[in-house]
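Asker: Take this structure first; my questions come after.
Read the figures in this text as sums done on the coordinates, not as results from a lab. A quick note: this is a predicted structure, and the numbers were derived from the prediction, not measured.
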């Protein structure tokens, strides 16, 4: 792969690099970086950004838990769902950042589900719970 500087036919050292190690190319690279810094631009990404989809496994499981507890529309529930989408797109993250996102997702789910009582399906279980709460 050739250097991106016009008129330079040197090979780049790495497939991820844009310029070779020639002094003139290094100056062009530095000038371009300074221009981007002054204008507030970020460096161009080499890979296209992944498109988030709300159908991943972690998102689906989180949505089901939050729906069952009636906490989908709480702020903590929304944070947990957005982190779940990020976990489902894990291929674009490093292992350590994915672990950090997973930890935050667990904390957000715990916060969202805190205090939410699961619906009791059996009325006998509901009576037993009330009796135990009274201490009878």
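Asker: Just to compare against my own numbers: the Cα pair-distance distribution for the stretch 57-113, 10 Å bins, whole % per bin, please.
Answerer: 29, 54, 16, 1
Asker: Largest first and in whole Å, what are the equivalent-ellipsoid semi-axes of the stretch 1-43 based on the Cα gyration tensor, each being the root of 5 times an eigenvalue?
Answerer: Computed over the stretch 1-43, the values are 20, 11, 7 Å.
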